[in-house]
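Here is the structure we will look at.
The values are calculated or read from the model by the stated rules, or taken from the named source; none is laboratory data. No experiment lies behind these values; they were computed from the predicted model shown. With ideal geometry, Cβ positions are generated from the backbone for all residues, glycine too; neighbour counts draw on all protein chains shown. Side chains are part of the model used for accessible areas, which takes the heavy atoms of the whole protein and leaves out ligands, DNA and RNA. Shrake-Rupley method; radii C 1.70, N 1.55, O 1.52, S 1.80 Å.
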Amino acid sequence: MGASLPRYRRWQYRLARVVYAGILLVFGLLMPGLGQRTAAQPLLPLNVARSAASCQGMALAATLTHQGAAGNLVGALRVMAPPDEQCTLAGQPQIQVWDAQDNLVIQSAPPDAGGVTVTLSAGVGAEVGFQWRNWCGAQPPAPFTVVLILPNGQGEIRSVPRGGGAEGTPLGAAPNCSNPSQPSALRATGPFKAAPGQVFVMPDNSTRFVGERFLAYWRTHGGLALNGYPISDEFDQQLADGQTYRVQYFERVRMEDHPENQAPYDVLLGQFGRQFHPADPAVPPIPGQTYFQATGHHVAPDFFQYWQANGGLAQFGYPISEEIQEQLEDGQTYTVQYFERARFERHPENQPPWNIELGQFGRRALAEAGH
């Protein structure tokens, strides 16, 4: 046994060298094809920037917002850097639209390198506007892919509109042709400009961008605990009052931009509570509980303490129900109470202060809005 051990080690070493050489050979064969794009190769559904001179080796994510009617589309593309990276962009990109079969549908003028340099980071994105006038001709099936060809040979960035709400309707179902005698035209409406905010890395490692106005509210009104992660980009939505506002959905709230109001009331929260639980009839006062005359409902001491400590009326609104038993999304039954903007849940299985949680209405509301 003692004499055979060195021979066994020599054989093991040779085998390892053979395996390693095989791995290098396979990798060498595959590498030349990586990153190449041909006419027959479909556009990737990922948001990727390649060969970016000032963003070398970086993956830039782009999100698209758009709206339109009568044959015209207007919108914006916002570009984000990974949270731990920085790079610079300048000038006006070329915007291309490709259909699901990898056919080029329309493109704007070639990229222009002029303009102010924007440094992208975890706290600053870049935004460029666009107009698509007189959408004409046959509309190939969605999804479309929007490609930004960056100035200065920095590569390209892709954005696949997710359709509905945050990105408007899918581009394949966009407005009709308004003037068949005029050609369709796509153009960028200016060079890149800074878009301050923050890129959130989600639990599934995807990213969402929150602009500075909504981000300021998020930070000063409970952060992650009260609002949750962002689950949409900003978009324009017609709300219950018939008016259209800029909104963004989070796991527990919908933030609404109300420029007609003076600060701090220019950012408001959607009334999710009323959306999912119509107000119950008022009840008489009960000793030992806080009674809200405005809606005729009580709040027990522990719920009231949470209500007061975490934003009160501005964050949650008035109570619109008494405490009730309700089976929630996890299949379990809990004691809950609805407020105008929230649902309080009592979780006795958790230690304080985590024994009171807020309902996650955001995803349900976003789905009902057609997203």
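Please specify each residue of the range 75-99 satisfying the condition of being touching a residue at least 60 places away in the same chain (Cβ under 8 Å), within 26 Å of Ser206 (Cβ to Cβ) and open to solvent by 20 Å² or more (accessible area, probe 1.4 Å).
Listed by number, the residues that qualify are Gly75, Arg78, Pro82, Pro83.
So which residues in the range 285-313 are touching a residue at least 40 places away in the same chain (Cβ under 8 Å) and either in a helix (DSSP H, G or I) or on the phi > 0 side of the Ramachandran plot (or both), if there are any at all?
Matches in the range 285-313: Asp302, Phe303, Tyr306, Gly311.
Just checking, how many residues over the range 232-260 are over 24 Å from Pro319 (Cβ atoms) and not in a strand (DSSP E or B)?
The total comes to 7.
Hey, can you tell me all the residues within the range 324-358 that are acidic (Asp, Glu), modelled with pLDDT of 90 or more and more than 14 Å from Thr295 (Cα to Cα)?
The answer is Glu326, Glu345, Glu349, Glu357.
Among the residues of the range 278-318, count how many are under 12 Å from Gln337 (Cα atoms) and of a type in the set (Phe, Trp, Tyr).
Here the count works out to 5.
Checking the condition surrounded by fewer than 17 Cβ atoms within 10 Å (Cβ to Cβ) and within 35 Å of the chain's Cα centre (by Cα), which residue from Phe276, Phe272 passes?
Within the list Phe276, Phe272, the selection yields Phe276.
Can you confirm whether the range 315-338 contains a residue that is assigned to a loop (DSSP other than H, G, I, E, B) and touching a Gly at 6+ places or on another chain (Cβ under 7 Å)?
Yes.
With respect to Gly370, is the statement that it is in contact with a Gly (Cβ under 9 Å, 6 or more places away or on another chain) and open to solvent by less than 20 Å² (accessible area, probe 1.4 Å) true? Before the answer, list the steps.
Working: in contact with a Gly (Cβ under 9 Å, 6 or more places away or on another chain): yes; open to solvent by less than 20 Å² (accessible area, probe 1.4 Å): no.
The answer is no for Gly370.
Which one is modelled with the highest pLDDT, of the residues in the range 100-118 that are outside any strand (DSSP E or B) and open to solvent by less than 20 Å² (accessible area, probe 1.4 Å)?
So in the range 100-118, the residues outside any strand (DSSP E or B) come out as 100-103, 108-111, 113-117.
If we keep only those that are open to solvent by less than 20 Å² (accessible area, probe 1.4 Å) as well, we get 102, 108.
Details: Asp102: 80, Ser108: 93.
So the residue we want is Ser108.
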